[in-house]
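Below is one structure, written out as structure tokens, with a few remarks after it.
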């Protein structure tokens, strides 16, 4: 109960209201036999104009669907609720991103859309508001690209927007509510619907101001979700630039936010094009920074030069290494679903290749793997005993969490402390110092008690390491652990993508109250 209380106390009153409202409404509707109608005699009158959108990776070929590195072929009709590979795979099936594949067959697209329409009454996963939000945009893109005019598709789209309007995700907020509102904007333009436009505008004005931080970072602090939201924002700019409907007051706001978001993702991206896999981030889900850059340039959106600050991430660039450090909060207090226990975590690239990495994520299933990947042990930071800096649990929940204090930084280093272990009578302080010859990391645990403390370094699978006493040699680099009581090498599973793990090595340094780790490059 204490864990649940320490989770719920951070929620906004609006979230609690809508959780209870939707729950009560569901029970009443079930008792009264309420069902949505998906049959409307509705047809749009005009087409939309777009510049080219970003092409999606191939996920449908020869009747086989591949999402999250898992492939399935339906022998007969498509099971839109297919659950063998988990909820996120079923969500992807219902997103219809495959309609945006390069040279996607129009007949295949129409067949898949019609299959969905015919089975809509039995579809559980696809009629949740988040997959509706993504799917209807993909349908609208596909329909307009190929100048398709089908009354049954228009009627289904119109019905799905009615369901979405009735189930906006105020209980979750964050990226879910933002995706809901982007979708409503597309619907407003597609159907010339003032009601959809006003609702989209109301949410977007509020949520963009809330979710896009002054330094351009998305407030959930996942580089992957940042890329996804930026992509959608650019789609909306594409929509509004090329279609004269409603006034253009949102367009300037979109462009200003996109410029800052583009500046942030450019700053955080490594020279080889990788993003740090902080919080819930994985490769091959979102469009790369380079692809987003090209798309923005086509739309005339120029990235703004920014200084990393409010997002809590810092990027250090030297001629032979780059480091991104997390010295910020775990995420927004009221919606930390994609947050990890990772305060003072970092990623390090040497000579443009990954060296020390975040362990990544391989699943959204609520299981022990998910729990481990969100835990302190899976990040390049310090753990006291077996305590967690931040109480992550239940797949997407966070109870008590670490807060950063006393942050100081300049081009040569940074230092701060966090409160994650304060409830156990300890404060963790970490300082970084940078020069062309290497990096020095100083950890100090301040407490009246004596604790067993552990510093973790997770090496990329391609890095070969050799331990000699308290000196580590890794790809010709030397790492020295001063004040360590012991230094050992252990195995771990690196997860660069969903459902993909690679065996790799981590180094665990145990110490009492202080540790100095020097990486000589």
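The values are calculated or read from the model by the stated rules, or taken from the named source; none is laboratory data. The structure presented is a predicted model; accordingly, all values stated were derived computationally and were not measured. Cβ: placed from backbone, ideal geometry, glycine included. Neighbour counts: every protein chain shown.
Does the range 450-457 contain any residue that is in the same structural domain as residue 344 (by TED's automatic domain parsing), farther than 18 Å from residue 485 by Cα and modelled with pLDDT of 95 or more?
no
Does residue 447 satisfy the criteria of being crowded, with 20+ Cβ neighbours inside 10 Å, in contact with a strand residue (DSSP E or B) (Cβ under 8 Å, 6 or more places away or on another chain) and touching a residue at least 60 places away in the same chain (Cβ under 8 Å)? No. Here residue 355 fulfils each of the conditions (1) within 21 Å of the chain's Cα centre (by Cα); (2) not in a loop (DSSP other than H, G, I, E, B) apart from (1). Would you check if residue 466 is touching a residue at least 24 places away in the same chain (Cβ under 8 Å) and surrounded by fewer than 17 Cβ atoms within 10 Å (Cβ to Cβ)? Judged against the criteria, residue 466 is not a match. Return a yes/no flag: does the range 175-186 have any residue that is on the phi < 0 side of the Ramachandran plot, out of contact with any helix residue (DSSP H, G or I) (no Cβ under 7 Å at 6 or more places or on another chain), touching a residue at least 40 places away in the same chain (Cβ under 8 Å) and not assigned by TED's automatic domain parsing to the domain that holds residue 95. No, there is no match, as no residue in the range 175-186 is on the phi < 0 side of the Ramachandran plot, out of contact with any helix residue (DSSP H, G or I) (no Cβ under 7 Å at 6 or more places or on another chain), touching a residue at least 40 places away in the same chain (Cβ under 8 Å) and not assigned by TED's automatic domain parsing to the domain that holds residue 95. Restricting the range 400-413 to residues that are assigned to a loop (DSSP other than H, G, I, E, B) and more than 16 Å from residue 6 (Cα to Cα), the residue that is modelled with the highest pLDDT is 412. Filtered by the rule that a residue be touching a strand residue (DSSP E or B) at 6+ places or on another chain (Cβ under 9 Å), within 21 Å of residue 260 (Cβ to Cβ) and not in a strand (DSSP E or B), the range 295-348 gives 308, 311, 312, 327, 328, 329, 331. Put simply, of 29, 44 the only residue that is more than 28 Å from residue 172 (Cα to Cα) and either without any contact (Cβ under 8 Å) to a residue 12 or more places away in the chain or outside the structural domain of residue 128 (by TED's automatic domain parsing) (or both) is 44. Restricting attention to the range 243-258, the residues being within 14 Å of residue 299 (Cα to Cα) and assigned to a loop (DSSP other than H, G, I, E, B) number 1.
Considering each of 311, 341 in turn, give the residue that is in contact with a helix residue (DSSP H, G or I) (Cβ under 9 Å, 6 or more places away or on another chain), under 21 Å from residue 428 (Cα atoms) and not assigned by TED's automatic domain parsing to the domain that holds residue 425. Quick ask: steps written out before the conclusion?
Numbers: 341 fails: not assigned by TED's automatic domain parsing to the domain that holds residue 425.
Result: 311 is the single residue among 311, 341 that is in contact with a helix residue (DSSP H, G or I) (Cβ under 9 Å, 6 or more places away or on another chain), under 21 Å from residue 428 (Cα atoms) and not assigned by TED's automatic domain parsing to the domain that holds residue 425.
Scan the range 414-426 for residues that are over 29 Å from the mean Cα position of the chain (by Cα) and assigned to a strand (DSSP E or B) and jot them down. Result: 426, single match. Yes or no: residue 383 touching a residue at least 24 places away in the same chain (Cβ under 8 Å) and more than 18 Å from the chain's Cα centre (by Cα)? In short, yes. Inside the range 1-58, can you point out the residues that are over 30 Å from residue 334 (Cβ atoms), in a loop (DSSP other than H, G, I, E, B) and within 24 Å of the chain's Cα centre (by Cα)? Selection gives 53, 54, 55, 57, 58. A residue that is in the same structural domain as residue 380 (by TED's automatic domain parsing) and at positive phi occurs somewhere in the range 477-489. Of all residues in the range 263-279, those satisfying the criterion of being free of Cβ contacts under 8 Å to residues at least 60 places away in the same chain and buried (at least 21 other Cβ atoms within 10 Å of the Cβ) are 264, 265, 267, 268, 269, 275. For the range 344-367, a residue qualifies if it is in contact with a helix residue (DSSP H, G or I) (Cβ under 6 Å, 6 or more places away or on another chain) and surrounded by fewer than 24 Cβ atoms within 10 Å (Cβ to Cβ), and the qualifying residues are 363, 364. Against the definition (within 30 Å of residue 514 (Cβ to Cβ), in a loop (DSSP other than H, G, I, E, B) and in the same structural domain as residue 439 (by TED's automatic domain parsing)), how does residue 387 come out, yes or no? Spelling it out, residue 387 is indeed within 30 Å of residue 514 (Cβ to Cβ), in a loop (DSSP other than H, G, I, E, B) and in the same structural domain as residue 439 (by TED's automatic domain parsing).
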